[in-house]
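Worksheet: the structure to be examined is printed underneath.
A short reminder: the numbers here are calculations on the coordinates, not readings from a lab. All values derive from a computational prediction rather than experimental measurement. Cβ: placed from backbone, ideal geometry, glycine included. Neighbour counts: every protein chain shown.
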Amino acid sequence: MSDSPAVSARYRDVFGVPEFRTLFSLQTLQVAGDSIRTIALSVQIFERTGSAAAAALVFAAGFLPYVAGAALLLSLADRVPSRRLLTGIHLLRFVVTAVLAGAGPPLPVVLALLVAAGLFAPVGGATVQARLPALLPGDGYVLGRSLFTMTSAGAQIAGQAAGGLLLAVLSPAGTLWLAAATAAVAVSFARLRLPDVPSRGASGRSSGTARETWRVNRLLLGDRGTRGLLLSGWLPISLSVGAEGAAVPYAAGLGNPDAAGPLLTAAAAGMFAGNLVAGRWIRPEPRERLALPLAVLTGAPLVGFVFAPGLAAACALLAAGAFGLAYELTVQRRLVDAVPEEIRGQAMGLSNSGLMTGQAAGIGAAGALGEVLAPGSVIACCGAAAVVACLLLGRHLR
């Protein structure tokens, strides 16, 4: 594969790299397995407690510690060799899921186990993302990252669907054992198929993990260039995705609450299409120039919800907005180029953690705004805010 960023990469180029294939398999196994575990565990807890709140808490528990992991543990992504770290993280996932499947622990123990696994989730993601630039030079990095985005979304949907089907024929415990099996396969893949690559250069520091994580986070956020790139990756997406928090009430306003499914599916399809087109079919130079227009596209179509469109038009607007999310491919490539290799893992982890936190905050803000505005107006406000954010961050998106 050529190192020149002017040459478009091909799928056979990225899948021709053995380590990429292993990392891709690990990501797919993790997303699908965690999705199956979450839905099975939520059903199990609801059956045991009869509490919808407890089931919802279990559903969210895997995501709640993400911020804490990003704040305290991210430096591990650069200080520990990737094979050892990923093997350990997937082993932890297996142990947690197996205990949940076999022991049926009480709710506080369930939550503690999920938090323990969730604390290391951002570290694993950072480790994987930091390896991609070294494995896929030039435009291969953009194509590889787009594949991760598309496949993660697909694996999550497939995992949730498979979990629902498995629960129809197995008990929640049996379904959890299958989720544990995916983690066991991931352990073997990480241990046996990843090369023994040394850490990227921060292992010699004597400071503790949390202190080093804070030090590098301050360094990244204190630099004007990297801070601008991080905000460019966080704000437009968080604001536009926040509109999904109003999808259910908007569908109810159309007289069909079940229409929330097509609305959210349209958004997912738009994101998939955007990453496919931008990652594979747009050449590197035009993609660079399209970063700002694509970012603006994340919000501009949503403004049309002020006119209360019908279901078909609403789906089209959401799909168009989600198509623009592909702008993040360019922002991530620029971030990789902007940070030293020895802290690349933490930079990728901070980017991903901030994005997850921002999306949760955006959806929560949209829900709160929905208490005083009609759902269509809430979605339009989210879109307008995303456009304003893009324009304010224009120097980093051009």
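Give the peptides 319-325, 253-259 in descending order of average Cβ contacts within 10 Å, highest first.
Descending packing order for the listed peptides: 319-325, 253-259.
Under the classification rounded if a/c is under 1.5, otherwise prolate if a/b is larger than b/c and oblate if not, where does segment 309-381 fall, given a ≥ b ≥ c as square roots of the Cα gyration tensor eigenvalues?
Cα axes put segment 309-381 in the oblate bin.
Taking only DSSP H segments of four or more residues, each worth -39500 (n - 2.57), what value at 222 nm results for the chain once the sum is divided by all its residues, to the nearest 500 deg cm²/dmol?
Mean residue ellipticity at 222 nm (helix-derived): -24500 deg cm²/dmol.
Grab the Cα-Cα distance for residue 71 and residue 256, subtract it from 0.36 nm times how many residues apart they are, and report the gain in nm with one decimal.
Gain on stretching residue 71 to residue 256: 62.4 nm.
Please list, short to long, the whole-number percent of alpha-carbon pairs of segment 117-275 in consecutive 10 angstrom bins beginning at zero.
For segment 117-275, the pair-distance distribution reads 8, 22, 32, 26, 10, 2, 0.
Just grab the label-to-label distance for residue 209 and residue 103, each label 7 Å out from Cα along the Cβ direction, in nm (one decimal).
Going from the residue 209 label point to the residue 103 one covers 2.0 nm.
Could you calculate the contour length gain from residue 193 to residue 12, that is, 0.36 nm times the residue separation minus the distance between their Cα atoms, to one decimal place in nm?
63.2 nm
Can you work out ³J(HN,Hα) from phi for every residue in segment 350-361, in order, using Karplus 6.51 cos²θ - 1.76 cosθ + 1.60 and θ = phi - 60°, giving whole Hz and x for Gly and Pro?
The phi angles translate into 5, 4, 5, 5, x, 5, 5, 5, x, 5, 4, 5 Hz.
So what are the ³J(HN,Hα) numbers for segment 100-106, from phi and the Karplus equation (6.51, -1.76, 1.60; θ = phi - 60°), rounded to whole Hz, Gly and Pro as x?
Each residue's phi maps through the Karplus curve to give 5, 6, x, 9, x, x, x Hz.
Report, largest value first, the span of the C-alpha coordinates of segment 223-398 along each principal axis, in whole Å.
53, 33, 24
How far is it, in nm, from the label point at residue 171 to the one at residue 391 when both lie 7 Å from their Cα along the line to the Cβ?
Label-label distance for residue 171 and residue 391, simple model: 6.0 nm.
May I ask you to evaluate 6.51 cos²θ - 1.76 cosθ + 1.60, the Karplus curve with θ = phi - 60°, for each residue of segment 274-279 and list the ³J(HN,Hα) values in order in whole Hz, giving x for glycine and proline?
Rounded to whole hertz, the list is x, 5, 5, 5, 5, x.
Please state, rounded to one decimal and in Å, the Kirkwood hydrodynamic radius that the chain gives when every pair of distinct Cα atoms enters the mean of 1/r.
The Cα-based Kirkwood calculation yields 21.7 Å.
Send over the Kirkwood Rh of segment 10-204, from the inverse of the averaged 1/r over different Cα pairs, rounded to one decimal Å.
Hydrodynamic radius (Kirkwood, Cα pairs) of segment 10-204 is 17.3 Å.
Which order do peptides 218-226, 145-153, 73-81, 381-389 fall in by mean Cβ count within 10 Å, highest first?
73-81, 381-389, 145-153, 218-226
Strictly greater than 24 Å: what percent of every Cα pair in segment 47-160 meets that?
36
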